[in-house]
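Data first, discussion second: the structure below is written as structure tokens.
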Amino acid sequence: MIPATVEEVAEALTARRYVTDRSLAVSIHLALQLGRPLFLEGEAGVGKTEVAKVLSAMLDQPLIRLQCYEGLDAGHSLYEWDYARQMLAIRLIEARGEGEGSTISDIMSRDFLIARPLLQAVEMASDGARPVLLIDELDRADEEFEAYLLELLSDFQVTIPEVGTVQAQNPPVVVVTSNRTREIHDALKRRCLYHWIDYPDFEREVEIITLKVPGIDQALAADLARAMERLRDLDLFKPPGVAETLDWAAALNVLGVEMLSPETAEDTLGVILKYEEDIERVRTSGVAGLLSNR
């Protein structure tokens, strides 16, 4: 069931342990009510992909995920032919003879297609469901791939030359994410509702940590949030996101740490920083500075 108000959307997100602000709740509400795709942009690790997962749980609908990468094309995202079945069918036709039923043209039908995420979402929506289609990290795909998405995002339909057009009865819930490693074309953005997800402020990050890591000491959660806030102010090649914050909290739980000390922070920098240059920059600037004014 789709929440009827912005407040209900916010409550449903919180009930599924996703901490957000009102602006994101408004964007999600409008996307659901208007049947428009939701384009989420922001740094890696701020919770864009998690929005689609939470929506799937909130709406009790399946999540269909298309992970984008360089070289992605229609064959991997829309459909491909089941060549093994086609070859078997051809041999059966040849064995029976053309005049005894099926013809060679019959193997170019829907029965011999393997549906990939885009076609799966449209066909499922054609059967009355409203699945959540996650097109994740679109900026990793080539620009040419965006053209494949325009028909889907405009009319929620896909065209297969040999079969015809397949259109969704109800628009699926579409979430497109981008880490902004390159700009996405305006033609695609115009078809979506846009929302930028930023790093959380100190209070919200403390709330996220305490919600996602049950039993964590409030003082330790505050130490982690404060340290992350200061790390993101440094000139790092890859600033850590919320996902790294939660990884850090989980690692400290494993180590039995109840208060974050400079020594423990330095020992565990590899949990949150993934480049040697960033680790050295933090060590040079002084790990203790991350925890000052505790």
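The values are calculated or read from the model by the stated rules, or taken from the named source; none is laboratory data. Predicted model, so just to flag it, every value in this text is computed and none were measured. When we count neighbours, we look across all protein chains shown, and the Cβ atoms used for this are built from the backbone with ideal geometry, even at glycine. Each accessible area value is taken on the protein alone, full model and side chains, heavy atoms only, with ligands, DNA and RNA left out. Shrake-Rupley method; radii C 1.70, N 1.55, O 1.52, S 1.80 Å.
How many residues are among the aliphatic types (A, V, I, L, M), farther than 26 Å from Ile272 by Cα and out of contact with any helix residue (DSSP H, G or I) (no Cβ under 6 Å at 6 or more places or on another chain) when one looks only at segment 29-78?
Residues that pass the stated criteria total 7.
For segment 19-30, name all the residues that are open to solvent by 10 Å² or more (accessible area, probe 1.4 Å), within 18 Å of the chain's Cα centre (by Cα) and at pLDDT 95 or above. Steps first, answer last, please.
Initial filter on segment 19-30 (open to solvent by 10 Å² or more (accessible area, probe 1.4 Å)): 19-23, 26-27, 29-30.
If we keep only those that are within 18 Å of the chain's Cα centre (by Cα) as well, we get 19-20, 27, 29.
Selection gives Ser27, His29.
What are the residue pairs meeting all of these: first residue in segment 120-140, first residue on the phi > 0 side of the Ramachandran plot, second residue at pLDDT below 90, Cβ atoms under 8 Å, and 6 or more apart or on different chains?
Qualifying pairs under 8 Å: Gly128/Gln169; Gly128/Asn170.
Does Glu11 count as assigned to a helix (DSSP H, G or I), surrounded by 15 or more Cβ atoms within 10 Å (Cβ to Cβ) and not aliphatic (A, V, I, L, M)? Walk me through how you get there before you give the answer.
Working: assigned to a helix (DSSP H, G or I): yes; surrounded by 15 or more Cβ atoms within 10 Å (Cβ to Cβ): no; not aliphatic (A, V, I, L, M): yes.
Taking the combined requirement at face value, the residue does not satisfy it.
Please go through segment 36-47 and pick out each residue that is open to solvent by less than 10 Å² (accessible area, probe 1.4 Å) and either modelled with pLDDT under 95 or over 19 Å from Gln157 (Cα atoms) (or both). Explain how you work it out, then say what you get.
First, pick out the residues of segment 36-47 that are open to solvent by less than 10 Å² (accessible area, probe 1.4 Å): 37-42.
Scanning segment 36-47 gives Leu40, Glu41, Gly42.
Confirm whether Ile2 is assigned to a strand (DSSP E or B) and among the aliphatic types (A, V, I, L, M). If you could, list the steps in order and put the result at the bottom.
Details: assigned to a strand (DSSP E or B): no; among the aliphatic types (A, V, I, L, M): yes.
Spelling it out, it is not the case that Ile2 is assigned to a strand (DSSP E or B) and among the aliphatic types (A, V, I, L, M).
What do you reckon, is Pro214 open to solvent by 80 Å² or more (accessible area, probe 1.4 Å) and within 27 Å of Arg22 (Cβ to Cβ)?
Working: open to solvent by 80 Å² or more (accessible area, probe 1.4 Å): yes; within 27 Å of Arg22 (Cβ to Cβ): yes.
So Pro214 fits the description; yes.
List every residue pair whose Cβ atoms lie under 6 Å apart, where the two residues are 6 or more positions apart in sequence or sit on different chains, the first residue falls within segment 256-274 and is in contact (Cβ under 8 Å) with a residue 24 or more places away in the chain and closer than 16 Å to Glu244 by Cβ, and the second residue, located anywhere, is open to solvent by less than 30 Å² (accessible area, probe 1.4 Å) and outside any helix (DSSP H, G or I).
Listed pairs, sorted by first residue: Ile272/Pro240.
Rundown of residues vs (1) closer than 19 Å to Pro131 by Cβ; (2) touching a Cys at 6+ places or on another chain (Cβ under 6 Å); (3) free of Cβ contacts under 8 Å to residues at least 24 places away in the same chain, yes/no style:
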{"site": "Val19", "(1), (2), (3)": "no, no, no"}
{"site": "Ser27", "(1), (2), (3)": "no, no, no"}
{"site": "Glu43", "(1), (2), (3)": "no, no, no"}
{"site": "Glu50", "(1), (2), (3)": "yes, no, no"}
{"site": "Ile64", "(1), (2), (3)": "yes, no, no"}
{"site": "Ala84", "(1), (2), (3)": "no, no, yes"}
{"site": "Ile107", "(1), (2), (3)": "no, no, yes"}
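Looking at Glu205 and the list (1) open to solvent by 20 Å² or more (accessible area, probe 1.4 Å); (2) within 30 Å of Pro37 (Cα to Cα); (3) among the charged types (D, E, K, R); (4) in contact with a helix residue (DSSP H, G or I) (Cβ under 6 Å, 6 or more places away or on another chain), which single condition is not satisfied?
(1) is the only condition that Glu205 fails.
Could you figure out which of (1) within 24 Å of the chain's Cα centre (by Cα); (2) buried (at least 19 other Cβ atoms within 10 Å of the Cβ); (3) in contact (Cβ under 8 Å) with a residue 40 or more places away in the chain; (4) part of a helix (DSSP H, G or I) isn't true of Leu220?
Unmet condition: (1).
How about segment 48-99: which of its residues are in a loop (DSSP other than H, G, I, E, B) and either open to solvent by less than 40 Å² (accessible area, probe 1.4 Å) or at positive phi (or both)? Reasoning before the result, please.
Residues of segment 48-99 in a loop (DSSP other than H, G, I, E, B): 60-62, 68-73, 78, 82, 97-99.
Asp60, Cys68, Gly71, Leu72, Leu78, Asp82, Gly97 - these are the residues of segment 48-99 that are in a loop (DSSP other than H, G, I, E, B) and either open to solvent by less than 40 Å² (accessible area, probe 1.4 Å) or at positive phi (or both).
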